[in-house]
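All remarks here apply to the structure that follows.
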Amino acid sequence: MITNPTTIQSTAVSLASADQIHEYLVKAYRIGNRARLRFARLLAARATFRLFLKLGHPGIAQDAARYFDVQRSETYELIRVAEVIDDLPACRKAFEEGRFSWSTLKLVTRVAGTETEKTRLEFNEDHSCTEVHAEVQDAFARTGMCLNACPECRKAGLMTLDGPIEVAAGSVDRLASDAAEETMDRRNSSTLARRVKLRDGGVCQNPGCSHRGDLHTHHIEYRSHGGPTIPENENSA
């Protein structure tokens, strides 16, 4: 006897109560979080050992975009989280248990340290991701100032610890330029350069070149384009 497919589908759905569906969703969410973290770790390893070169890509950002459709900024966020997460075991456990999202984990790992991790987690338990985001932004604001300018009239206000103050229109471009220069990632340090050269075996990494000797280290993705100063974005040449 052939059973009506519609009847089978309706029966299957009716067997799952609201509580059961919630339980399945929570399990799927936890699995997704653990998978995301594992993906981040593997991507970081791929970057550290420069395996993207074997796949024909000049950098990890291009590699991740080609195979996983991950944008450059998110690629570096995945790598950053993977590099710091073991120093924040409580955050890692909470994320793997599905107690907060990947978006929240990225925010928290930017400001949490071994001494503040517990406090951050307690705040997360009682607040939404939007509130956590606002609190993290506030944490950054406490270490500096934020310039907000209207693109139309160029009027601007500078947010300080004492509240907003007005900035003359003629100063907006200069301040914005200064801010852009300050936020550009740092230059290579001598320590980083030595580390990169040792990793590359003292050999130029330009395709077809095997030069040894007086090598320099360069950003694969330029600093002016937002490339970070990390070993994964460096080349010996």
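The values are calculated or read from the model by the stated rules, or taken from the named source; none is laboratory data. Note that this is a predicted model, so its numbers are computed, not measured. Here the Cβ positions follow ideal geometry from the backbone for every residue, glycine too, while neighbour counts run over all protein chains shown.
Taking segment 53-132 and the helices (runs of 4 or more DSSP H) fully enclosed by it, the elements with 3 or more residues that are surrounded by fewer than 22 Cβ atoms within 10 Å (Cβ to Cβ) and touching a residue at least 40 places away in the same chain (Cβ under 8 Å) are at 72-84. Scan segment 7-22 and give yes if some residue there is modelled with pLDDT of 95 or more, loosely packed, with under 11 Cβ neighbours inside 10 Å and either among the charged types (D, E, K, R) or in the same structural domain as His225 (by TED's automatic domain parsing) (or both), otherwise no. The answer is no, given that none of the residues of segment 7-22 is modelled with pLDDT of 95 or more, loosely packed, with under 11 Cβ neighbours inside 10 Å and either among the charged types (D, E, K, R) or in the same structural domain as His225 (by TED's automatic domain parsing) (or both).
Of Leu175, Leu215, Leu161, which residue is closer than 30 Å to Arg80 by Cβ and modelled with pLDDT of 70 or more?
Just a single option satisfies the conditions, and that option is Leu215.
Residues considered: Gly202, Gly227, Gly208. Of these, the only one that is in contact with a helix residue (DSSP H, G or I) (Cβ under 9 Å, 6 or more places away or on another chain) and either under 21 Å from Phe52 (Cβ atoms) or at pLDDT 80 or above (or both) is Gly227.
So, Leu192, is that one at pLDDT 55 or above, surrounded by 14 or more Cβ atoms within 10 Å (Cβ to Cβ), in contact with a helix residue (DSSP H, G or I) (Cβ under 8 Å, 6 or more places away or on another chain) and assigned to a helix (DSSP H, G or I) or not? The answer is yes for Leu192.
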